[in-house]
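> This is the structure I have questions about; it appears just below.
Please treat every number below as a calculation from the coordinates, not as lab data. Keep in mind that this is a model prediction, so the values were computed, not measured. No Cβ is skipped: glycine too gets one built from the backbone with ideal geometry, and neighbour counts run over all protein chains shown.
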Amino acid sequence: MLAVSMALLHHCSTPLARALCTPARDRARACSTVAMAMATAPSPSTPLRKSQPQQQVLLGMSENDLQQLALDLGQQSFRGKQLYHLIYKRKVREIQEFIQLPQAFRKELEEAGWKVGRSPIFQTVTAADGTVKLLLKLEDNRLVETVGIPVDEDKGSARLTACVSSQVGCPLRCSFCATGKGGFARNLRSHEIVEQVMAIEEVFNRRVTNVVFMGMGEPMLNLKAVLEAHRCLNKDIQIGQRMMTISTVGVPNTLKKLASHKLQSTLAVSLHAPNQKLREKIVPSAKSYPLNALMKDCREYYRETNRRVSFEYALLAGINDSVDNAVELAKLLHEWGPGYHVNLIPFNPIEGSEYRRPYKKAVQAFAAALESNKITVSVRQTRGLDANAACGQLRNNFQKSPLVTDAKSLETELPNMDLAVAS
Ligand code: SF4
């Protein structure tokens, strides 16, 4: 399994105690915010919502699409192949830098409103272990985080994992998560996901080998763009489907949709608790998607795809890290079928968090209890602890004021969101 840190999880980090101690008025507001976000979550029957007019971007288009574009602009189709090569192989950032193409064609592309779709890197933070966290500055000046995690293995092979964001911020507000604390702005477009991987390649000057959709945001709330980005990363950037992991905290009516695409990628579901009561405290959106319903959908996902679901479990000291919790978790997983694996993620403290990281001994005891109950388990290695590592932390440093402060402003924001599910 991927040895990425808790820090790199989209199911990142936020104080549980804060959630437990939140005044009733705030709790009510948080719940209504979550309910609103979940209510607008895509379902198979949700019609596609019309997007705002957006600039046309080349990044994310397939070779066929680019050939068609060339034909539409009165060029021969090989110009489309050239575009493909320039965007994905040469990784050229601006149309005017496509010097292999005639100036007239470049001008025509620009006049027709096309651009490549690459954003500048706004900030880079490097940890002692080589993990690099980037902030990309998007067209609307919003900042999005992405993380590159290099792992040099025995036998000389070297992995480079990109942990990508799917939204600017996140509406789900998991209690331990820095991103949830920072509020929610909008869904990312598919090219804004793809370009994160390209930025990591640029910074490390080598190929990304693995991609995890575990950065800012809940991928299932932006499934259409996530699936489009997944296609592009697989076909155009040439990252194997099995080298990719899509992570979710659980959004009703989306796992079935994802299963229908029969991806070879791993589905990682963030549980963080072995029962509904505790889960609701850690993951408020669990109120709208009870644990039993989530587990049932995971079982269906496994039956449909034959792909093992991986469960993420952030260990929060004194909250969900007891041996009893481990035994209960094993029981839950056995109840819902075979093919399960648990990734334990010792909590990575974030600024202002009241949660604590468990002692190594507690982590080992938890893992041993799972193993003795016949659950395969891995403990995620913590990376980049000194690099503003928890998901959403770096962005929060530069964008202090929450993007959405209350349910009312979320309400005004949501109608403009493209929450469409891939059909
Ligand atoms: S608040 Fe959003 S980004 Fe953070 S853990 Fe929850 S689902 Fe993931």
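> What's the exposure ranking of D140, D129, going from fewest to most Cβ atoms within 10 Å?
Result, fewest neighbours first: D140, D129.
> So how strong a dipole does the range 183-331 carry about its Cα centre when Lys and Arg Cβ are +1 and Asp and Glu Cβ are -1, to the nearest 20 debye?
Rounded to the nearest 20 debye, it is 500 debye.
> Quick check: residue separation of D324 and D140 times 0.36 nm, minus the Cα distance between them. What number comes out in nm?
Here the segment from D324 to D140 would lengthen by 61.5 nm.
> Which of H85, H191, H272 has the fewest other C-beta atoms within 10 Å, and how do the rest follow up to the most?
H85, H191, H272
> Moving on to the next point. Report the net charge of residues surrounding R106, where surrounding means a beta-carbon distance below 14 angstrom and charges are Lys +1, Arg +1, Asp -1, Glu -1.
-1
> Let me ask another. Can you sort M295, M214, M220 by how many other beta carbons sit within 10 Å, fewest first?
Going from least to most buried by this count: M295, M220, M214.
> Based on the Cα coordinates of the range 90-158, what is the per residue volume of their convex hull in Å³?
Measuring per residue, one finds 115 Å³ for the Cα hull of the range 90-158.
> State log₁₀ I(q)/I(0) for the range 60-115 at q = 0.19, 0.27 Å⁻¹ as given by the Debye formula over alpha-carbon point scatterers of equal weight, solvent excluded.
The computed values of log10 I(q)/I(0) come out as -0.57, -1.25.
> Taking each pair of different alpha-carbon atoms in the range 163-247 once, compute 1/r for the pair, average those values, and report the inverse of that mean as the Kirkwood hydrodynamic radius in Å to one decimal.
In the range 163-247 this quantity evaluates to 13.0 Å.
> Once label points are set 7 Å from the Cα along Cα→Cβ at both N373 and Q56, what is their separation, rounded to one decimal in nm?
According to this spin-label approximation, the distance is 5.6 nm.
> Something else about it: Using Cα positions and a limit of under 24 Å, work out the lysines in reach of K115, with same-chain residues fewer than 8 apart set aside.
Filter leaves K50, K81, K89, K91, K107, K137, K224, K235.
> What FRET efficiency would be calculated for the residue pair E202, K361, taking the C-beta separation as r and a Förster radius of 51 Å, to the nearest 0.05?
With R0 = 51 Å, the Cβ-Cβ based efficiency is 0.80.
> If the only charges are +1 at each Lys and Arg Cβ and -1 at each Asp and Glu Cβ, what is the size of the charge dipole of the range 60-115 around the Cα centre, to the nearest 20 debye?
Dipole about the Cα centre, nearest 20: 280 debye.
> In the range 60-115, if the dipole is taken from +1 on Lys/Arg beta carbons and -1 on Asp/Glu beta carbons about the Cα centre, which of F105, L86, L69 is farthest to the positive end?
So the residue we want is L86.
> Just need the relative contact order of the range 60-115 here, percent rounded to a whole number, with Cα pairs under 8 Å and 6+ apart.
23 percent
> Assuming R0 = 35 Å, can you tell me the calculated FRET efficiency for the pair R242 and Q123, based on Cβ-Cβ distance, to the nearest 0.05?
0.65
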